[in-house]
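Working notes for the structure below.
The values are calculated or read from the model by the stated rules, or taken from the named source; none is laboratory data. Everything numeric here is computed off the predicted structure, so don't read it as measured data. Here the Cβ is made from the backbone with ideal geometry for all residues, glycine too, and neighbour counts use every protein chain on show. All accessible areas refer to the heavy atoms of the entire protein, side chains included, with ligands and DNA or RNA removed. Shrake-Rupley method; radii C 1.70, N 1.55, O 1.52, S 1.80 Å.
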Amino acid sequence: MTQTIKLNAPEQTMALGQKLAQLLQPQDLILLDGDLGAGKTTFTKGLASGLGINRPVKSPTFTIVREYQTGRLPLYHMDVYRLEDGGGEELGLEEYINGDGVVVIEWSEFVAAELPNEFLRIKFERNDENGDNSRVAILSAKGSHYEKLLAELGEV
């Protein structure tokens, strides 16, 4: 199941994250793909806000994992770009995914071998033509739980 959403401004990207956050449960896994500057961290800021996390959300590029414990659910925000040569096992990815919070992984292709079969993938594509700074978010659900989540997101 796939859904495509046009995002005309960073505020709309954040709003999408806030909307999705209302539907999330412990152990939900969201994979974020797209080029640098495509909106992955902006989306995660909205997700954190929707979970009631008031701390500033920063890209975990150099720390790999940032943990936010103060919301409705814990948020584990990962940027695994630096693991392109492997290393997902050392990260303890399975413990995070089977834990008490929501896991968001940027650049998920670098840990694809360690991922479960079910997740929600959001691919952000830039549309810089004619000075248009919009984005397209392509949401793909793998597994019945995430298909239901995606259907509910369309209804909210």
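Things to note:
- What the Cα atoms of segment 1-66 give is an Rg and a Dmax of 12.0, 33 Å.
- Straight-line reach from residue 6: taking Cα to Cα under 20 Å and skipping same-chain neighbours fewer than 8 places apart, the lysines in range are 19, 40, 45, 123.
- Using θ = phi - 60° and Karplus 6.51 cos²θ - 1.76 cosθ + 1.60, couplings along segment 23-30 (whole Hz; Gly, Pro as x): 9, 7, 10, x, 6, 6, 10, 10
- Close amide H partners of residue 34, meaning residues 5 or more places away or on another chain with modelled amide H under 5 Å apart, are 107, 124.
- When each of the peptides 134-146, 97-109 is scored by the mean number of other C-beta atoms lying within 10 Å of its residues, the order from highest to lowest reads 97-109, 134-146.
- Fraction of accessible area attributable to carbon and sulfur, the chain (%, probe 1.4 Å): 46
- Accessible surface, the chain, averaged per residue in Å² (probe 1.4 Å): 50
- Binned Cα-Cα distances of the chain, short to long, each 10 Å bin given as a whole percent: 11, 44, 37, 8, 0
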